[in-house]
Amino acid sequence: MVTNGYNYHRDEPRLTKQRDRIFNLMKDGMKRSLSEISLITNSPEASASAALRDFRKKKFGSYSVEKEYVRNGLWLYWILPGSQAKEESMQGSLLED
């Protein structure tokens, strides 16, 4: 099924791996900009931003994803450590690399 250019069978495996890389980076609670997340995980900034929004959703663990304005449109993001009690309970597993 194709909706708005998204094809589940084609795109979901790639997006799941991308979300996993971003989560495994961010779960340490360190503050990072979208640019840093993108560079470290080899993911587009827009995808990193989307993944951070996903982590707030119940389907992806209901994590507390915080942000802080720095200056000139620059924001830092982090996941509060322990904000989701059981990482392994997430649907769409977030695997260790």
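For this structure, a couple of remarks:
- All positions within segment 48-61 that are surrounded by 14 or more Cβ atoms within 10 Å (Cβ to Cβ) and either over 9 Å from residue 19 (Cα atoms) or of a type outside the set (Asp, Glu) (or both): 48, 49, 50, 51, 52, 55, 56, 60, 61
- Here residue 78 meets each of (1) hydrophobic (A, V, I, L, M, F, W, C); (2) surrounded by 14 or more Cβ atoms within 10 Å (Cβ to Cβ); (3) modelled with pLDDT under 95; (4) within 15 Å of residue 31 (Cα to Cα) with one exception, condition (3).
- Taking first residues from segment 8-31 that are closer than 16 Å to residue 84 by Cα and of a type in the set (Gly, Ala, Ser) and partners that are modelled with pLDDT under 95 and loosely packed, with under 14 Cβ neighbours inside 10 Å, the Cβ contacts under 9 Å between residues at least 6 apart in sequence or on separate chains come to 29/80; 29/81; 29/82.
- Extreme residue, nearest to residue 6 (Cα to Cα), among residues of segment 17-76 that are among the polar types (S, T, N, Q) and part of a helix (DSSP H, G or I): 47
- Residues of segment 22-37 that are under 12 Å from the mean Cα position of the chain (by Cα) and either surrounded by fewer than 16 Cβ atoms within 10 Å (Cβ to Cβ) or not charged (D, E, K, R) (or both): 22, 23, 24, 25, 26, 34, 37.
The values are calculated or read from the model by the stated rules, or taken from the named source; none is laboratory data. What you see is a predicted model; the values in this text were computed from it and never measured. Counting neighbours? That spans all protein chains shown, and the Cβs are built from the backbone with ideal geometry, glycine included.
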